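Comments concern the structure below.
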Amino acid sequence: MRLTPKQQDEVATQRSETYQTLRATVPALEEILCEPLPVLDHGFVRVIDYMGDDAAIVQAARVSYGRGTRRVSEDQGLINYLMRHRHTTPFEMCEIKYHVKLPIFVARQWIRHRTANVNEHSARYSILDKEFYIPAPEHLAAQATTNRQGRGAPIDSEAAQRALDLLRRDAEAAYAGYAELLNEDASGAPIDPRRPSLARELARINLSLGFYTQWYWKIDLHNLLHFLSLRGDPHAQHEIRAYAEVILDTLKRWVPMAHAAFLEYRMNAALISATGLAVIRRLLAGEQVEQAASGLSPREWRELMAALGRP
Ligand SMILES: Cc1cc2nc3c(=O)[nH]c(=O)nc-3n(C[C@H](O)[C@H](O)[C@H](O)COP(=O)(O)OP(=O)(O)OC[C@H]3O[C@@H](n4cnc5c(N)ncnc54)[C@H](O)[C@@H]3O)c2cc1C
């Protein structure tokens, strides 16, 4: 279950409270504020709060007093320029706060991004829900042979079913052990009064990486774009990418101009090395260039040809 009925009530209450403000608000983001946006089987992303909009980026770059009278195309042009030339601080003027529910193995990758503020749900204080991630069968793939950090071809349906059964069985057993060690009912009273209730901080240690955790995560737009460029990339693991894609959708609502510039100059762009550029120049001049004589390693060559859309 993504949200319990109590949490759903809390969201409804949050969404029924409105405030008057002189600050800029973004109607498209307000539409989904506090709503859980589903990710994976039990996870979600919720936008909790935000500060700034596209105009705040422009305002900071021009160091102007008001929102200005310039045309939208001029603002988009300026934001594109800032993105293209890595003039990053105006993007730091915008901030956003998310509530994220995610499997622990995704959280371990995510937490490596040090430029955010994080407050995680405490499993020393609270009991974790019986929620663990089970991949969709189509995402079960064999170890990649060309990239040691990735997935290759999908495995056959019989092997996939065996893997899913094993993942589920082990997670169920781990949670049953957790519940036995806790020895607590929903009100906190012992289920079996003859046994001790092990401290929550100890009972949790047998739970595996697929169990879900939750946190509040606040970050400025510049560092969020950095996170998205790494975790929304095809080289990132599918599961964290699923979160990056949902966050990208929230970005499109929040700062549509910065979102468009990010897709154009970062996400869907390519970084070409000096040697790669020399290869492109020779190709444009009509030369036949082979990898062996290009100065690029086979891997760099493959990456360049993929960026150029050549087989
Ligand atoms: C596909 C992929 C595979 C990965 N594989 C591994 C792996 O096998 N093992 C592993 O350990 N990690 C791995 N990582 C994590 C990776 O090495 C980074 O730790 C992670 O992506 C965070 O990047 P970051 O430091 O740029 O981000 P952030 O922590 O958000 O930092 C943003 C930027 O701020 C600056 N910054 C932040 N803190 C400091 C600091 N203390 N000192 C100097 N500059 C700072 C840097 O310029 C940094 O780029 C992987 C990441 C990806 C995307």
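The values are calculated or read from the model by the stated rules, or taken from the named source; none is laboratory data. This structure is a prediction, so every number in the text was calculated from the model and none was measured. Here the Cβ positions follow ideal geometry from the backbone for every residue, glycine too, while neighbour counts run over all protein chains shown. These area figures cover heavy atoms from the full protein model, side chains too; ligands, DNA and RNA do not enter into them. Shrake-Rupley method; radii C 1.70, N 1.55, O 1.52, S 1.80 Å.
Measure off, as a whole percent, the carbon and sulfur share of the 1.4 Å-probe accessible area of region 158-253, all protein chains present. Display every interim value, and only then the final one.
Numbers: 2790 of 5130 Å².
After summing per-atom areas, the C and S share lands at 54 percent.
Under a Cβ-only charge scheme (Lys and Arg +1, Asp and Glu -1), can you give me the dipole magnitude of the chain about the Cα centre, in debye to the nearest 20?
860
Kindly provide the helix-only [θ] at 222 nm of the chain, computed as the sum of -39,500 (n - 2.57) over DSSP H runs of four or more divided by all residues, to the nearest 500 deg cm²/dmol?
-13000 deg cm²/dmol
If you fit an axis through the alpha-carbon atoms of helix 274-284 and take the longest principal axis of the Cα set of the chain, what angle between them do you get, 0 to 90°, nearest 10?
Computed tilt is about 60 degrees.
Suppose all protein chains stay in the model; what accessible area per residue would a 1.4 Å probe give for the chain, in Å²?
With the other protein chains kept in place, the chain gives 61 Å² per residue.
So how long is each side of the chain along the principal axes, counting just the alpha-carbon atoms, biggest first, in Å?
Projected onto the principal axes, the Cα atoms of the chain cover 82, 58, 29 Å.
On a 1.4 Å probe surface of the protein chains, which of Arg299, Arg108 comes out largest in accessible area, and what is the full order? Numbers along the way, then the final one.
Working: Arg299 120, Arg108 155 Å².
Largest accessible area first, the residues go Arg108, Arg299.
Provide the packing ranking of 287-296, 190-199, i.e. peptides ordered by the mean count of other C-beta atoms within 10 Å per residue, highest first.
Ranking, from highest mean packing down: 287-296, 190-199.
Roughly speaking, what % of Cα-Cα pairs in region 163-311 are separated by over 28 Å, rounded to a whole number?
The proportion of pairs with Cα distances above 28 Å equals 54 percent.
Whenever you get a sec, compute what percent of the accessible area on region 59-135 sits on carbon and sulfur atoms (1.4 Å probe).
Ligands and nucleic acids excluded, carbon and sulfur give 48 percent.
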